[in-house]
Amino acid sequence: MVMASRQRRTRRIGIGRRLAALLVGAAMAVAALVAAPPAVMAETPWVAVDDDGFVTFTISAEEAQAAFGDVTQIVAEGNFGPSANWAQWGLTRRGGNWTSVMGPLEPGLYYYQFTADDTKVVKDPTNPTSVASEPEWSTFFVPGDSADLLADVPQGQGGTVETMTYRSTVTRGQRSALVWTPPGYDAGRKEPYPVLYLQHGSAQGYRDWVEVGRAKQIFDNLTLRGEIEPMVVVMGDGNVPDFQKELLRNIMREARHDYNISHSPSQQALAGLSMGGYQTLSTLFEHPGEFAYIGSFAGFVFGSASGVDAEEINEGTELLRLYTGNVTDLAYNYNYRLMRQFDEAGVEYQFDGVNPDRGHNWNAWQENLIDFVPRLFRDAPDEGPSPGHLPLEAEFRQPPAGTTPTPWITEDGFVTFETTTEFKDAQNVTVWGNWAPGGSWIRVEMSRVGDRWRATVGPLKPGFHYYRLIVDRVSTKDTSNPTRVTTEPTWSTFFIPGESARLLADVPEGQGGTVETLTYQSTVAGAERKAYVWTPPGYDPDRAEPYPVFYLQHGGGQNYTDWIEMGRAKQILDNHYLDGNLEPMVVVMGNGNSSNFTRELLENIVPVSLERYNVSDDPARRALAGLSMGGGQTFTVLKTHPGKFAYVGAFSAGFGSATGVDAEAINDGTTLLKVYVGDPTDFVYPSFMNSLTVMDQLGIEYEYDGPTPGPHGWDAWQKNLIDFAPLLFRQD
């Protein structure tokens, strides 16, 4: 078996007790010493990336059984979450495979593992990439302009990475470091090369900057562009009880012996991430002037830096530059306090600003390195923050445990979730919501805070969000959130305002339409049934001209309540109406859970709507649309009763069989047939594309504008309704 069955390790590079222990020597047994599990045979790759950045995960049932044993859940875990933080992406059992499609992913490097039932962790046996300090990780690269500095340079044009071994007086054993030398490195050059000593973080090792940080690619690309000085970079192992002794007496001594590098402090730089940032700053404080260039990537200082010798630091340091991610970065508050202490002490430094879209992860540190290295051993073009980075004006403070409104949302879109104390004995708690690319579902680990669990996610885009808690693999309602979804009892919702989500926001009170419940006796179901009805502002039941009517259907596993509770239909219709984009109409949202929907619609929903509301019975003034199952039902009505509804829309649904279809009648009786589908993350995408071929062969006239960004979910269907509703009953 390819399995390490144990309690999962939290995959965040922490800085609390774990790092404190590291700094006194407890990190000597690092993950790099753990042997990787044996490989399992697999015929096809478990991960495939297409040219558009969509990633398909596929594990056959047989391979899953061999790797995990009997399991009920498999997730891909990696830097897929908001701010590029660690998150869990669920795979679904379909036929003989566990599979799912994620994306489109931003260009960059991704690292991941597979985990089943929260504890069974497996490295992808079909991916030859590896991370020495995390033997269960694999990596893949998504190319793109925004990640061009992370891409491999043409073969033979880059620098060289070698392993340097040396005897450590700290550990009294042999240790290793990686050394990058630039293209054309000349060991006999008269002028020694400047040197950067670059450190890793907690629970990492000397290989991480190359295996996960893409350091070689960054140095190679910047060199070929002429944006950095030719230099040597030494990536040492910081997992020692006395880092400064290791660096100054061992790593530097060996590097000077093996490579043509300068001994002058003015030609020496030191930088590190997280724990390495701490080690870098500590070295600066205790050995000011030893390195003229200092970089701290999400580093921090335990205690106070107010008492440092600012004069000596300023005189001996050409550059001291600090970096931090957003509020999900564990070093965020540490850096705020550090800068205030530097200001008090008079230490001169630069701050790259808060990276609003990155947390405490390699995506942030890659960007830090790209910004830092061009500033070394030359006059830097500027001293300010990177474009789009923000000031750090205050610590991030959450309400005390037990007082947090759930969710607690900041103005810039960071959302904190907190459980009640009822899960104090749980082993694993995650919050699962629609904040993956396009609005797909992804899980974020929650951390125990006393008797509660907490997680902060973000920044989330403006829009309608929905989520549920997963407590020891059981879907659970956030009881602190009063919102509800009738058909999904464990779901909760919240809304983040913003211009891009304006059509999903509530309109001012009293200016919108009205939603009423329509109750009727179904001759098909033999029972009382209900529908929701939206009437426009100023609806007049006695108007001489009946209103056009739009019948809008839900999907499988849903009900008439979903377009209001999840689809934001009222808000969409209200906003469109107030914007002047919507013909005054009545919208009926019926219950499609029927043994014969066509009969339910034509014998019950339509007649009772005509009876109770002032709506037209003219097919030219009627529309029908639905999502998923409702879209399939809509196609069935179109094929069996062409001309009954002049306007037809199908969201994420297939046309179905062509048998007996009268294309001429459909074309003659239909003013508009518009079809929609999500992007490749929508599981009906392949069958939908086949449907277009079928309709083309039949000669059916339709409109299709291309995939809607998003999955088989409400983020896409809201966009579909936003586009479709204004097209109805227009005279132009």
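The values are calculated or read from the model by the stated rules, or taken from the named source; none is laboratory data. Here the structure is a predicted model, which is why all the values come from computation and not from measurement. Using ideal geometry, Cβ is built from the backbone for each residue, glycine included, and neighbour counts are taken over all protein chains shown.
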* **Out of 612, 599, sole residue that is in contact with a Phe, Trp or Tyr (Cβ under 9 Å, 6 or more places away or on another chain), farther than 15 Å from residue 512 by Cβ and surrounded by fewer than 18 Cβ atoms within 10 Å (Cβ to Cβ)** => 612
* Asked: What pairs can you find where one residue is in segment 535-553 and not assigned by TED's automatic domain parsing to the domain that holds residue 630 and surrounded by 15 or more Cβ atoms within 10 Å (Cβ to Cβ), the other is of a type in the set (Asp, Glu) and assigned to a loop (DSSP other than H, G, I, E, B), and their Cβ atoms are less than 6 Å apart, with a gap of 6+ or different chains?
  -> none
* Examine segment 612-632 for a residue that is under 43 Å from the mean Cα position of the chain (by Cα), of a type in the set (S, T, N, Q) and either modelled with pLDDT under 95 or farther than 19 Å from residue 552 by Cβ (or both), and state whether such a residue exists. => no
* To do: Assess whether residue 485 counts as being hydrophobic (A, V, I, L, M, F, W, C), modelled with pLDDT of 95 or more and closer than 20 Å to residue 555 by Cβ.
  => yes
* In segment 342-384, the residues that are part of a loop (DSSP other than H, G, I, E, B) and surrounded by fewer than 19 Cβ atoms within 10 Å (Cβ to Cβ) -> 346, 348, 349, 356, 357, 378, 379, 380, 381, 382, 383, 384
* Structure fact -> Of all strands (runs of 3 or more DSSP E) fully inside segment 95-192, the set with 2 or more residues that are closer than 24 Å to residue 205 by Cβ, modelled with pLDDT of 95 or more and under 35 Å from the mean Cα position of the chain (by Cα) is 108-116, 120-122, 138-142, 160-168, 173-181
* Asked: Looking at (1) touching an Asp or Glu at 6+ places or on another chain (Cβ under 8 Å); (2) more than 27 Å from residue 222 (Cβ to Cβ), which is the only condition residue 376 fails?
  -> (2)
* Quick one: is residue 292 among the small types (Gly, Ala, Ser), under 28 Å from residue 210 (Cα atoms) and surrounded by 21 or more Cβ atoms within 10 Å (Cβ to Cβ)? -> no
* Neighbours by Cβ (under 6 Å, 6+ apart or cross-chain): first from segment 659-684, under 30 Å from residue 51 (Cβ atoms) and outside any helix (DSSP H, G or I); second at pLDDT 95 or above and of a type in the set (A, V, I, L, M) -> 675/650; 678/716; 680/101; 681/101
* Structure fact -> Out of (1) out of contact with any helix residue (DSSP H, G or I) (no Cβ under 6 Å at 6 or more places or on another chain); (2) in contact (Cβ under 8 Å) with a residue 60 or more places away in the chain; (3) more than 30 Å from residue 399 (Cα to Cα), the one residue 442 does not meet is (3)
* Asked: Based on what the data block shows, is residue 674 at pLDDT 95 or above, on the phi < 0 side of the Ramachandran plot and touching a Lys or Arg at 6+ places or on another chain (Cβ under 9 Å)?
  -> no
* Structure fact -> The number of residues in segment 47-89 that are in contact with a helix residue (DSSP H, G or I) (Cβ under 8 Å, 6 or more places away or on another chain), farther than 24 Å from residue 685 by Cβ and among the hydrophobic types (A, V, I, L, M, F, W, C) is 2
* Asked: Is it true that residue 327 is modelled with pLDDT under 95 and of a type outside the set (Phe, Trp, Tyr)?
  -> no
* Run down 166, 206 and say which single residue is within 25 Å of residue 283 (Cα to Cα) and out of contact with any helix residue (DSSP H, G or I) (no Cβ under 8 Å at 6 or more places or on another chain). => 206
* Asked: If you take the residues of segment 320-333 that are hydroxyl-bearing (Ser, Thr, Tyr) and under 24 Å from residue 292 (Cβ atoms), which of them is farthest from the chain's Cα centre (by Cα)?
  -> 323
* Structure fact -> Checked segment 550-600 for anything under 31 Å from the mean Cα position of the chain (by Cα) and in a loop (DSSP other than H, G, I, E, B); matches are 554, 555, 556, 557, 558, 559, 560, 561, 566, 567, 568
